[in-house]
Amino acid sequence: MKRIILTIICLTFLFGCDDTTSQQSSSGSSAAPAAVQENPFQPFVVYSNKGSRDNHYVPSGFMPNGKCLSFTDAWLENCHEGRTCMKIEYDVACSREDQKWAGIYWLNPANNWGNQKGGYNLEGATALTFWAKGEKGGERIEEFKMGGIIGDYPDTDMGMIGPVILTDAWRKYSIDLRGKDISYISGGFSWSTSVDVNSETCTFYIDQVQYE
């Protein structure tokens, strides 16, 4: 009788250990690696094609007055992507007699220099990217910029690159937005240059502007 009881105790002990080991093994194998979180921000387009429903912001902030600028967002020749791109011509000779610099801001709503509500919440974007090239190469843009609008309804931050010396081939440029507060941006994109860094007419092209 004692032998039977002793055998039962031993078997119970053995099976109990195996079960515990099995549970531990199962528990270890079921642990999945942490999921890699992707940036949920979807590309937010400033310009893709003339008249595209995806476009946001309006090229309406001509600086200082637009007098020495020629601009079209429906250029059809040798665009980087899509049907159209933007062509800008800065007349340096004209500007020498005016305020010696020029630029354009893409604003929301049009002509909004911070005197009215507008703008977009762009939180989640890590960069503003665009493609650009010069007519001949060597054209100098003092800065490409986003944000920076002041007034009663100011932008929450700004970012820029420059000076940029363009080549005669399309090249992608990027403005780093990491760590910036872009929860309210009415100045979606801009560029500016001057007579001091361009000895002759500065003609250049821009395409595919977007936050990503």
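The set of residues from the stretch 142-156 being in a loop (DSSP other than H, G, I, E, B) and at positive phi comprises G148, G151. Against the conditions (1) more than 26 Å from S95 (Cβ to Cβ); (2) modelled with pLDDT under 95, S199 satisfies every one except (1). Could you tell me whether K117 is closer than 26 Å to S70 by Cα and among the basic types (K, R)? The answer is no for K117. Scanning the stretch 51-86 for residues that are aromatic (F, W, Y) and either in contact with a Ser or Thr (Cβ under 6 Å, 6 or more places away or on another chain) or closer than 11 Å to D207 by Cα (or both) yields a count of 1. Only one entry of E123, E77, E81, E97 meets the criterion of being exposed (fewer than 15 other Cβ atoms within 10 Å of the Cβ) and closer than 19 Å to M158 by Cα, and that entry is E123. Within the stretch 163-180, restricting attention to residues that are assigned to a loop (DSSP other than H, G, I, E, B) and out of contact with any Lys or Arg (no Cβ under 8 Å at 6 or more places or on another chain), the residue that is farthest from E135 (Cα to Cα) is G179. Within the stretch 97-117, being under 19 Å from Y47 (Cβ atoms) and among the polar types (S, T, N, Q) holds for N108, N111, N112. Restricting attention to the stretch 122-141, the residues that are farther than 18 Å from F71 by Cα and either assigned to a strand (DSSP E or B) or in contact with a strand residue (DSSP E or B) (Cβ under 8 Å, 6 or more places away or on another chain) (or both) add up to 7.
Scanning the stretch 53-74 for residues that are exposed (fewer than 14 other Cβ atoms within 10 Å of the Cβ) and of a type in the set (G, A, S) turns up S70, A74. Does the stretch 138-158 contain at least one residue that is within 24 Å of E81 (Cα to Cα), over 21 Å from the mean Cα position of the chain (by Cα) and small (G, A, S)? Within the stretch 138-158, one or more residues are within 24 Å of E81 (Cα to Cα), over 21 Å from the mean Cα position of the chain (by Cα) and small (G, A, S). Applying a threshold of 7 Å to beta carbon distances and a minimum spacing of six or more residues, or different chains, the list of pairs starting in the stretch 120-133 at a residue that is among the charged types (D, E, K, R) and ending at one that is not in a loop (DSSP other than H, G, I, E, B) reads K133/R171; K133/F204; K133/Y205.
The values are calculated or read from the model by the stated rules, or taken from the named source; none is laboratory data. All values reported here derive from a predicted model rather than from experimental measurement. A quick note on method: Cβ atoms are made from the backbone with ideal geometry, for glycine too, and the neighbour counts reach across all protein chains shown.
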